[in-house]
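The values are calculated or read from the model by the stated rules, or taken from the named source; none is laboratory data. All values derive from a computational prediction rather than experimental measurement. Positions of Cβ are generated from backbone atoms using ideal geometry, with glycine treated the same way; all protein chains shown enter the neighbour counts.
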Amino acid sequence: MAKYLIVTGGVVSSLGKGITAASIGRLLINRGLSIRMLKLDPYLNVDPGTMSPYQHGEVYVTDDGAETDLDLGHYERYTGQPTSQRSNITAGRIYWDVLHKERKGDYLGGTVQMIPHISNEIKAKIRRLEEENPDVIVIELGGTVGDIEGLIFLEALRQLGTDVGRDNSMYIHLTYVPYIKAAKEVKTKPTQQSVAKLREIGIMPHILVCRTEVDLTEEHLEKLSMFCNVPRSCVIVEKDVETSIYEIPLVLAEQGVDELILNHFRIAKPTKPLKDWQKLVSVIKNPKGTVKIGVVGKYSELQDAYKSVYEALYHGGYAAEYKVDIVKIAAEDIETNPDILKTVAGILIPGGFGSRGMEGKIRAAQYARENNIPFLGICLGLQCAVIEFARNVCGLANAHTTEFDEERGIKTEHPVVCLLEEQRTVTEKGGTMRLGACPCVLEKDTKAFSAYGEKKISERHRHRYEVNNNYREQLEKNGLIVSGTNPEIGVVEMIELADHPWFVATQAHPELKSQPVLPHPLFRDFVAASIQNSL
Ligand code: GLN
């Protein structure tokens, strides 16, 4: 039977619970266990698909097309284990399903209550993962202990522990141990209170992971152990790392966290060094050089809106043993001052919705094309590159995507990007989002093919608009190379330029599949070309 590892957070949010849970997942895989990871989100949105990047960072898309919390990105980057629709459960989804069942009469007229109906629904959704037969299911509960919204989830997680038994469940509490500068003192009280709150609900944490900015002394650790009723050996320190969040698996391994978990679950597996991660961290700490890459976006002031893109760029750098210095450029600024682009060795345009900054992005694609600057266009980035090419190389004035012209009530003169249903040659119904993994066939002798090293690939999508096949011939005649096509619906998946050091764009979101120890080939080659350009 699957073992459950349940990670909760205390004191404050933003402690890196997702990264800690993912790192623990990595340690378990390294010990030869199969795992599944699961994020419980206590907010009432049914899924994060429509949440603003301002509030919630990027939407992470899985192979099966679920629009999920960005923590799933951490899970995949650290563990290499794909997540799915089942890996993210929001309170909104739980209530929605229970209320639908109630309307259908599934509860036979009984009173529908938080306990047992909501708690049972939570447990049932968690336990679906058992069908995949993993050794361990790692559950991360979003939010902080004490949140009203999270209470019913904690109750369900408490019950789950009883349902599966002590040997099959383990609770890890990630907490914050602050250092008060004025008093020059480390404070354990918030952690004591947070654990007390957990105990009130009936959960006794087995392991305490203490996030801290400073070193904790033996005295602090003893105190935490005693007041929180956790053996001293199970009080783990997770001090702020010096250079990279990818150090965390090593920090936890050093303190034997995997051993504690295996012992608790009574699983015997030989210890193994985390060799690929040790090598990774040594590359991160001693880069051969730095390369500046400009990311031209709409949400450049936000840390998390392009999370996976930024991470994939760093990964591309690791492949060359370089540090990528990301220059966040607001697309709107390029509209008035394209010279900002002079400072970077490579230009990336990420995905996006909404017309703000669109003309700046198109200018950035033009600048990259005309000045031989390595360019990677992602989703909207591909659409910008095609629009730019249509306008400035094919001479199609006012070429655009119908997405933004429609917003302004204008009929697009040359709709080089539009909905599938707006294209005469394609009969399929469009208008809905193309979500999740889609196949693509690459043309030989292209940069895309040389990056991937194979003809048939699959990447994840999240968009509505496509390159208009009615313009494909004209674009190709003028030198645009369509290097990848969807074999099922015949739409353009990838484009590139011939007489250019490296200009590649994809309709998909390759950043979602990059791992630090397995950088995505497009990001690897894009960063390598940018390094070449900077030398
Ligand atoms: N807004 C564009 C579309 O829907 C691009 C979406 C994206 O970049 N993810 O097609």
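Listed values, structure above:
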read-out	value
Those residues of the range 453-497 which are within 19 Å of H520 (Cα to Cα) and either crowded, with 22+ Cβ neighbours inside 10 Å or within 16 Å of the ligand (Cβ to nearest atom) (or both), in sequence order	I457, E459, R460, H461, R462, S483, G484, E493, M494, I495, E496
Filtered residue count, the range 358-398, keeping only those that are more than 14 Å from the ligand (Cβ to nearest atom), of a type in the set (A, V, I, L, M, F, W, C) and assigned to a helix (DSSP H, G or I)	4
Positions within the range 148-194 being of a type in the set (A, V, I, L, M, F, W, C), outside any helix (DSSP H, G or I) and buried (at least 18 other Cβ atoms within 10 Å of the Cβ), in sequence order	M170, I172, L174, V177, V186
Where a residue in the range 295-306 is of a type in the set (D, E, K, R) and its partner, wherever it lies, is at pLDDT 70 or above, with Cβ under 7 Å and at least six apart	K298/A331; K298/G352; K298/G354; K298/R356; K298/G357; D304/G57; D304/E58; D304/L70
Residue identified as in a loop (DSSP other than H, G, I, E, B) and touching an Asp or Glu at 6+ places or on another chain (Cβ under 7 Å) among T83, T20	T83
For I126: the one exception among (1) assigned to a helix (DSSP H, G or I); (2) over 19 Å from S34 (Cα atoms)	(2)
Residue match in the range 491-514 (condition: of a type in the set (F, W, Y), within 25 Å of the chain's Cα centre (by Cα) and under 30 Å from L72 (Cβ atoms))	no
Positions within the range 331-346 being surrounded by 19 or more Cβ atoms within 10 Å (Cβ to Cβ), among the hydrophobic types (A, V, I, L, M, F, W, C) and away from the ligand (no atom under 16 Å from the Cβ), in sequence order	I334, L341, V344, A345
Looking only at the range 470-507, and only at residues there that are charged (D, E, K, R) and in a loop (DSSP other than H, G, I, E, B), the one that is nearest to R460 (Cα to Cα)	E488
P519 more than 25 Å from the chain's Cα centre (by Cα) and touching a residue at least 40 places away in the same chain (Cβ under 8 Å)	no
So E222, is it part of a helix (DSSP H, G or I) and in contact with a helix residue (DSSP H, G or I) (Cβ under 8 Å, 6 or more places away or on another chain)	yes
Scan of the range 244-273 for residues that are among the polar types (S, T, N, Q), surrounded by 12 or more Cβ atoms within 10 Å (Cβ to Cβ) and modelled with pLDDT under 95, ordered by number	S244
Number of the exception - I349 against (1) within 15 Å of the ligand (Cβ to nearest atom); (2) modelled with pLDDT of 95 or more; (3) farther than 25 Å from S534 by Cα	(3)
Qualifying residue in the range 307-330 (condition: under 30 Å from H206 (Cβ atoms) and either within 24 Å of the chain's Cα centre (by Cα) or surrounded by fewer than 16 Cβ atoms within 10 Å (Cβ to Cβ) (or both))	no
Looking only at the range 412-421, and only at residues there that are in a strand (DSSP E or B) and within 13 Å of the ligand (Cβ to nearest atom), the one that is surrounded by the fewest Cβ atoms within 10 Å (Cβ to Cβ)	L419
Residue that is without any contact (Cβ under 8 Å) to a residue 40 or more places away in the chain, under 29 Å from T162 (Cβ atoms) and surrounded by fewer than 19 Cβ atoms within 10 Å (Cβ to Cβ), where the choices are Q81, Q85	Q85
Subset of the range 519-535 [touching a helix residue (DSSP H, G or I) at 6+ places or on another chain (Cβ under 8 Å), more than 24 Å from R434 (Cβ to Cβ) and outside any loop (DSSP other than H, G, I, E, B)]	R524, D525, V527, A528
Residue in the range 198-210 that is without any contact (Cβ under 8 Å) to a residue 12 or more places away in the chain, surrounded by fewer than 18 Cβ atoms within 10 Å (Cβ to Cβ) and β-branched (V, I, T) present	no
Checklist (1) out of contact with any helix residue (DSSP H, G or I) (no Cβ under 9 Å at 6 or more places or on another chain); (2) surrounded by 20 or more Cβ atoms within 10 Å (Cβ to Cβ) applied to V145, failing item	(1)
Residues of the range 1-45 classified as under 12 Å from T79 (Cβ atoms) and hydroxyl-bearing (S, T, Y), total	2
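To keep it simple, each residue is scored yes or no on (1) of a type outside the set (V, I, T); (2) crowded, with 24+ Cβ neighbours inside 10 Å; (3) modelled with pLDDT of 95 or more.
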residue: E370; (1), (2), (3): yes, no, yes
residue: L376; (1), (2), (3): yes, yes, yes
residue: L380; (1), (2), (3): yes, yes, yes
residue: V393; (1), (2), (3): no, no, yes
residue: A397; (1), (2), (3): yes, no, no
residue: F404; (1), (2), (3): yes, no, no
residue: I410; (1), (2), (3): no, no, no
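Residue-wise test of (1) loosely packed, with under 14 Cβ neighbours inside 10 Å; (2) of a type in the set (A, V, I, L, M, F, W, C); (3) at pLDDT below 95.
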{"site": "H56", "(1), (2), (3)": "no, no, yes"}
{"site": "T62", "(1), (2), (3)": "no, no, no"}
{"site": "L70", "(1), (2), (3)": "no, yes, yes"}
{"site": "E76", "(1), (2), (3)": "no, no, no"}
{"site": "G110", "(1), (2), (3)": "yes, no, yes"}
